[in-house]
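*Asks:* Handing you a structure now.
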Amino acid sequence: MKVAEHQKVVRLDKNAGLWRISTEDGAELEAKAILLATNAYTDDLLPGLAETIVPLHSFQIATAPLPPDLAAGILPEGQAVSDSRRILIYYRKSADGRLVLGGRGRMAQPTGEGDWAHLERALHRLYPVLSGVAIEQRWFGRVAMTPDHFPHIHEPEQGLMAVVGCQGRGVGLMTALGERIAGYLASGDARQLPFPVSLIRPIPFHAFRQVGVAATIAWYRMLDAFER
Ligand SMILES: Cc1cc2nc3c(=O)[nH]c(=O)nc-3n(C[C@H](O)[C@H](O)[C@H](O)COP(=O)(O)OP(=O)(O)OC[C@H]3O[C@@H](n4cnc5c(N)ncnc54)[C@H](O)[C@@H]3O)c2cc1C
């Protein structure tokens, strides 16, 4: 198997039952079947697909490696924690002894360290003892939400499939789905799929999703605060 990284696919055409895949750099490939696994980074390669998801940013921070006396008192059995609020945070110790904590980030691209400040506050609320420990890493990525909170599998044409909607839990989920979808493409047996293929249904008023997200987050924050 050959993996070609950093090759943006810009066009898909079908000719005599074969797909032709064109990349931004001008390379061309032929394939019997295509699976678009572009999730929250979905662009306009397949019309309407990007409008079926709401991409959100997930932000993370990592402290410097913790001194042994501090590390011993935090998650001593190496637990990975995720709280049960709607706007949740999650954290664990990394293999190299850092505390790594993640949660929701702003909709726009981050512009400076201050955009991770809400996670630093959350970290210090949980573990005031870490307030003197440096935050050494800050990063972010996109996760894809769907209105029904399920991943969706689409097959707009024979030999062309797409899977989107990790709901921020795709490490295991999308990996397992990939295996099942490959099984379906190889065999044509729909029983390989864990749930049915659905139509590509763009979310109404998708262009205004940021307003919807802001309103939903405010509502969720209020519910979380009442339940505290
Ligand atoms: C900070 C953070 C923390 C997370 N924590 C967890 C966690 O603890 N547990 C968990 O289960 N999940 C977690 N997630 C979510 C998890 O990362 C995703 O669910 C998972 O990566 C989705 O996998 P995927 O293969 O479907 O899509 P992705 O990993 O998003 O891959 C999609 C790929 O498609 C590529 N692409 C898009 N368009 C094109 C194109 N036109 N041509 C070529 N390539 C294209 C993109 O460049 C990208 O590489 C986290 C995400 C973030 C950002």
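*Asks:* Would you tally the residues in region 139-167 being within 11 Å of the ligand (Cβ to nearest atom) and surrounded by 18 or more Cβ atoms within 10 Å (Cβ to Cβ)?
*Replies:* 9
*Asks:* Quick check: is even one residue across region 123-137 farther than 30 Å from Leu70 by Cβ and within 14 Å of the ligand (Cβ to nearest atom)?
*Replies:* Our first condition is that a residue be farther than 30 Å from Leu70 by Cβ; within region 123-137, this holds for none.
No: zero hits.
A quick yes/no check of all residues on (1) modelled with pLDDT of 95 or more; (2) more than 30 Å from Leu119 (Cβ to Cβ):
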{"position": "Ala4", "(1), (2)": "no, yes"}
{"position": "Asp13", "(1), (2)": "yes, yes"}
{"position": "Gly17", "(1), (2)": "no, yes"}
{"position": "Ser22", "(1), (2)": "yes, yes"}
{"position": "Leu36", "(1), (2)": "yes, yes"}
{"position": "Asn39", "(1), (2)": "yes, no"}
{"position": "Thr52", "(1), (2)": "yes, no"}
{"position": "Ser58", "(1), (2)": "no, no"}
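*Asks:* Could you give every pair whose Cβ atoms fall below 8 Å, whose first residue belongs to region 15-26 and is over 17 Å from Ala4 (Cα atoms), and whose second residue is not in a loop (DSSP other than H, G, I, E, B), counting only separations of at least 6 or pairs across chains?
*Replies:* Leu18/Glu30; Leu18/Ala31; Trp19/Leu12; Trp19/Asp13; Trp19/Glu30; Trp19/Ala31; Trp19/Ile34; Trp19/Leu160
*Asks:* List the number of the failed condition for Arg106; all other conditions in (1) basic (Lys, Arg); (2) away from the ligand (no atom under 14 Å from the Cβ); (3) under 15 Å from the mean Cα position of the chain (by Cα) hold.
*Replies:* (2)
*Asks:* OK, next. Step by step: first the residues of region 191-211, then only those that are part of a helix (DSSP H, G or I) and under 19 Å from the mean Cα position of the chain (by Cα), then the one that is farthest from Glu157 (Cα to Cα). Which residue is that?
*Replies:* Selected residue: Gln210.
*Asks:* Let me ask something additional. Would you point out which residue out of Gly132, Gly97, Gly78 is assigned to a loop (DSSP other than H, G, I, E, B), in contact with a Pro (Cβ under 9 Å, 6 or more places away or on another chain) and more than 28 Å from Met222 (Cβ to Cβ)?
*Replies:* On the way: Gly132 fails: in contact with a Pro (Cβ under 9 Å, 6 or more places away or on another chain); Gly78 fails: in contact with a Pro (Cβ under 9 Å, 6 or more places away or on another chain).
Result: Gly97 is the single residue among Gly132, Gly97, Gly78 that is assigned to a loop (DSSP other than H, G, I, E, B), in contact with a Pro (Cβ under 9 Å, 6 or more places away or on another chain) and more than 28 Å from Met222 (Cβ to Cβ).
*Asks:* Separate question: Could you pull out every one of the strands (runs of 3 or more DSSP E) wholly within region 1-70 that has 1 or more residues that are within 14 Å of the ligand (Cβ to nearest atom) and of a type in the set (Lys, Arg)? Walk me through how you get there before you give the answer.
*Replies:* Working: elements: 9-15, 18-23, 28-31, 34-36, 54-63.
Answer list for region 1-70: 9-15.
*Asks:* Sticking with this structure for a sec: Any idea which of Ala225, Ala182 is assigned by TED's automatic domain parsing to the domain that holds Glu157 and either in contact with a Phe, Trp or Tyr (Cβ under 6 Å, 6 or more places away or on another chain) or in a helix (DSSP H, G or I) (or both)?
*Replies:* Ala182
The values are calculated or read from the model by the stated rules, or taken from the named source; none is laboratory data. Keep in mind that this is a model prediction, so the values were computed, not measured. In this analysis, Cβ positions are derived from the backbone assuming ideal geometry, glycine residues included, and neighbour counts consider all displayed protein chains.
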